[in-house]
1. Taking the condition assigned to a helix (DSSP H, G or I) and modelled with pLDDT of 90 or more, does HIS51 pass?
2. Among the residues of segment 26-39, write down those that are in a helix (DSSP H, G or I) and open to solvent by 90 Å² or more (accessible area, probe 1.4 Å).
3. Which residue out of ILE23, ILE58 is assigned to a loop (DSSP other than H, G, I, E, B) and of a type in the set (A, V, I, L, M)?
4. In segment 5-22, what residues are open to solvent by 100 Å² or more (accessible area, probe 1.4 Å) and more than 12 Å from the chain's Cα centre (by Cα)?
5. How many residues does segment 40-60 contain that are touching a Ser or Thr at 6+ places or on another chain (Cβ under 9 Å) and loosely packed, with under 10 Cβ neighbours inside 10 Å?
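The values are calculated or read from the model by the stated rules, or taken from the named source; none is laboratory data. For clarity, every value in this text was computed on a predicted model and none was experimentally measured. Quick reminder, even Gly has a Cβ in these numbers, built from the backbone with ideal geometry, and neighbours come from all protein chains shown. These area figures cover heavy atoms from the full protein model, side chains too; ligands, DNA and RNA do not enter into them. Shrake-Rupley method; radii C 1.70, N 1.55, O 1.52, S 1.80 Å.
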Amino acid sequence: MNLVPLWSVMLSIFVIGWVIQFIGHKHEGKKPSFFKDIQFLMIGPAWTMSHLFEFFGIKF
């Protein structure tokens, strides 16, 4: 059985998600916030990490 490596599947999902996100921004007529200020680009990963830390019981 010849399966596609997991990393390539995850990369494809990531790229498709970004494309859909930019299509949504074009539809709304708004540019993404991180074009104005780079700190907005870090909010998503910080939010995700806070939930992971909470799930694993890591104090932060």
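1. So HIS51 fits the description; yes.
2. Of segment 26-39, the ones in a helix (DSSP H, G or I) are 26-28, 33-35, 39.
Those that are in a helix (DSSP H, G or I) and open to solvent by 90 Å² or more (accessible area, probe 1.4 Å): LYS26, HIS27, GLU28, PHE35, GLN39.
3. ILE58
4. Residues satisfying the conditions are LEU6, TRP7.
5. Pass one, segment 40-60, residues touching a Ser or Thr at 6+ places or on another chain (Cβ under 9 Å): 40-41, 43, 60.
Next, only the ones that are loosely packed, with under 10 Cβ neighbours inside 10 Å stay: 60.
Result for segment 40-60: 1.
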